[in-house]
1. For the stretch 233-246, state whether one or more residues are among the hydrophobic types (A, V, I, L, M, F, W, C), over 23 Å from Val87 (Cα atoms) and modelled with pLDDT of 90 or more.
2. Being closer than 30 Å to Pro109 by Cα and at pLDDT 80 or above, is that true of even one residue in the stretch 156-165?
3. Quick check on my filter: what residues within the stretch 173-191 are among the hydrophobic types (A, V, I, L, M, F, W, C) and in contact (Cβ under 8 Å) with a residue 24 or more places away in the chain?
4. Give me the pairs, please: first residue somewhere in the stretch 98-117 and without any contact (Cβ under 8 Å) to a residue 60 or more places away in the chain, second residue anywhere and open to solvent by less than 20 Å² (accessible area, probe 1.4 Å) and hydroxyl-bearing (Ser, Thr, Tyr), beta-carbon distance under 9 Å, and either six or more positions apart or on two chains.
5. Of these, Leu170, Leu164, Leu194, which one is touching a Lys or Arg at 6+ places or on another chain (Cβ under 7 Å) and either open to solvent by less than 60 Å² (accessible area, probe 1.4 Å) or touching a residue at least 12 places away in the same chain (Cβ under 8 Å) (or both)?
6. Are there strands (runs of 3 or more DSSP E) fully within the stretch 1-117 with at least 2 residues that are open to solvent by less than 40 Å² (accessible area, probe 1.4 Å) and closer than 30 Å to Pro140 by Cβ? List them.
Amino acid sequence: MIVRTDAVVLRAFDYGETSRIVTLLTRRHGVIGVLARGARRPKSRFGATLQPMAHLQVVYYHKDGRGLQTLKEAAYVERFGRLGTDVERTTVGLRMVELTRALLHENDPNAPVLALLARALAWLDGARTDGPPRAANALPWFQLRLATLLGFAPDLSRDDLDGLGDDGALLLDTGTVAPTDAGHAALRASRAALRAFGVFALADLDTAGRLVLGDPVRREVEGLVDAFLRYHTEDAYPERVRDVAGQMARGLRAPRDSAPPAP
């Protein structure tokens, strides 16, 4: 069966001398793997389309029960020309596709998640890294929207947030904000971080993107969001992109004249 559908590239790696294996989130079949024969040849019909975070229109041959489908055509739905231009924007985008690939089942169509991912990547492509709307704000917003679509939305209300004192706790099982630490599945946090968690959970992306956070509060709210998703997804929760980004950041902060570590 020949299928034409829109898709986002989640992962791609070289195969053989000239081909690539690509993981796509498609509207028709959800997460699938495809083989793009000849994709690495200089005059390949795929061009530069088969890169993670690309939003494409694809044509592939699909056969039920086959683990790897055959990709025939790929063309951009929209080009995200700025996603690979700086470390922050690239890291956020790659983290989004990593989460999507890890938390969705293969061959399970989920059009709302595809729409969410395409919307978040498009917004990220146009956002700034040095001021509002801030590119980094797209990640916690995306994570909590993804949680909602996967069935474990935070149980938050504005009244809960308005009633907080100087600090409180996030109840990880429900995503509820409480004034005190109320059990083992709870994470204490400052009022500022809990309110930011609420903004990312309740507001639209344009509003969340304008939120201004200092570095300590940003780290705190990102920890809350990670803890909430990890609680509900357990071993499926991926860490690779964040770990690599952390290693890169530490390398950038190292003194230029420092000696390399001894072998």
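1. Of all residues in the stretch 233-246, those among the hydrophobic types (A, V, I, L, M, F, W, C) come to 236, 241, 244-245.
So of that shortlist, the ones also over 23 Å from Val87 (Cα atoms) come out as 236.
Filter again for modelled with pLDDT of 90 or more, leaving 236.
Within the stretch 233-246, one or more residues are among the hydrophobic types (A, V, I, L, M, F, W, C), over 23 Å from Val87 (Cα atoms) and modelled with pLDDT of 90 or more.
2. Checking the stretch 156-165: at least one residue is closer than 30 Å to Pro109 by Cα and at pLDDT 80 or above.
3. Correct list: Ala185, Leu187, Ala189.
4. Close Cβ pairs satisfying both conditions: Leu116/Thr100.
5. Working: Leu170 fails: touching a Lys or Arg at 6+ places or on another chain (Cβ under 7 Å); Leu194 fails: touching a Lys or Arg at 6+ places or on another chain (Cβ under 7 Å).
After applying the criteria, what remains is Leu164.
6. Values: elements: 2-15, 19-26, 30-36, 55-61, 69-78.
Correct list: 2-15, 19-26, 30-36, 55-61.
The values are calculated or read from the model by the stated rules, or taken from the named source; none is laboratory data. Small disclaimer: the values here were computed from a predicted structure and weren't measured. Don't worry about glycine lacking a Cβ; one is built from the backbone with ideal geometry, like all the others, and counts go over all protein chains shown. Just so you know, the surface numbers come from the protein's heavy atoms only, side chains and all, with ligands and any DNA or RNA stripped out. Shrake-Rupley method; radii C 1.70, N 1.55, O 1.52, S 1.80 Å.
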